[in-house]
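The values are calculated or read from the model by the stated rules, or taken from the named source; none is laboratory data. Since this is a predicted model, take the numbers as computed values, not measurements. Please note: Cβ atoms are built from the backbone with ideal geometry, for glycine as well, and neighbour counts cover all protein chains shown. Each accessible area value is taken on the protein alone, full model and side chains, heavy atoms only, with ligands, DNA and RNA left out. Shrake-Rupley method; radii C 1.70, N 1.55, O 1.52, S 1.80 Å.
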Amino acid sequence: STPMVSASDRRTWTDTNKDDIAQDSEIGPVITPFNISGVSNRNPDPGIKRPYQWEYNAGIQREVVPGMSLSFNWVRRDFKRIFWTDNILVSQSDYTQFFIPNPLNTSELIPVYNLNVAKRAQVQNLDKNSDVNGRWYNGFDVGFTSRIKGGNLYGGWGVGRQLTSSCEVDDPNSLRFCDQRQLDIPYTAQFKLAGSYPLPYGVNLSGSWQGYPGTSGGTARQDSVYDPAINRVIDPSLNVNYQVTNAILRASNPTATLTQASFTIPLLTPGTKYLKRWNQIDVRLAKKF
């Protein structure tokens, strides 16, 4: 073996005799290749370059009345030369298109794509820079600070949106909702207010209120880096992922046979469903002795 090469394989298993033992005759064909040549099947393109990003920001701060100031800031960030992996042995023309009903809306037919069986297990990946894929963030922040009779009060409001385009992919099953610039992705906002105030007898009162958008946090529909294997791009909205198996494909296309064990497609349009907003309030009383 060599530490420079690793490989894994996922196969289907049908327990035809119901003995809960996987016999050779019950195990499906190889889905992904085993690389035993000692030569890496993933390499960088000779012309690959380091990704980069442009960031633009502008802001203004001004005292509006004695003891109180306002600020406004705008920021935009564009991500360029994003990496993507091209299997040079397979192209989108090697897939056959079928349609299956959306289980959440049976009047909608979702296009799905099945790989030509002759191309199964053919992998020679080349890491490239993409001129199509990208990420764009745009945000605004408004804040204030003030002093009131020995106390302090400050807060702000921030709104932002990040859009992702990940349409340069090998597997056309990843093209569903791949360009968020074509969707109605909303801006999400958060609010923060905090302050402190001295009370009699050396007691200090302080507290904060924070209001956050209803993003799904750790269970977000998408990951921080796009992964075509699970069709994920950056997006904090909720989603229902649909795992398409051979049985699901054949229910609408009786003569079709899925090449891979299964694949996953998103059902909900990004930006249409979020969790409810949530608020966090903290109050503190303190006295020095």
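Things to note:
- Violating pairs (Cα-Cα greater than 22 angstrom) within the set 149/288; 149/287; 18/119; 49/80: 18/119
- Charge sum, other residues only, whose C-beta stays under 10 Å from residue 132's C-beta, Lys/Arg counted +1 and Asp/Glu -1: -3
- Only helices enter the 222 nm calculation for the chain: every DSSP H run of n ≥ 4 contributes -39,500 (n - 2.57), and dividing by all residues gives -500 deg cm²/dmol, rounded to 500.
- Here the accessible area is traced with a 1.4 Å probe on the protein chains. For segment 99-181, carbon and sulfur cover 54 percent of it.
- Here's the list of aspartates and glutamates a cross-link from residue 273 could span, going by alpha-carbon distance under 19 Å and ignoring same-chain residues fewer than 8 apart: 108, 179, 184, 223, 235.
- Local electrostatic count, residue 167, Cβ distance below 12 Å [Lys/Arg +1, Asp/Glu -1]: -3
- Label-to-label distance, residue 15 versus residue 102, with points set 7 angstrom from Cα along the beta-carbon direction: 3.6 nm.
- A full extension of the chain between residue 243 and residue 149 corresponds to an added length of 27.7 nm, given 0.36 nm per residue minus the alpha carbon distance.
- Using a Förster distance of 45 Å, the FRET efficiency for residue 257-residue 161 (Cβ separation, nearest 0.05): 0.60
- Accessible-area value, residue 14, 1.4 Å probe, nucleic acids and ligands omitted, Å²: 80
- With the convex hull drawn around the C-alpha atoms of the chain, the volume per residue stands at 246 Å³.
- R0 of 30 Å, Cβ-Cβ distance residue 269-residue 85: FRET efficiency to nearest 0.05: 0.70
- Sequence of 76, 250 from largest to smallest accessible area, 1.4 Å probe: 250, 76
- Around residue 201: net Lys/Arg minus Asp/Glu count, Cβ-Cβ under 12 Å: +2
- Using a Förster distance of 45 Å, the FRET efficiency for residue 63-residue 132 (Cβ separation, nearest 0.05): 0.45
- Accessible area per residue in Å² at 1.4 Å probe, computed on the chain: 63
- With Cα atoms defining each centre, segment 251-285 and segment 81-127 are spaced 20 Å apart in the structure.
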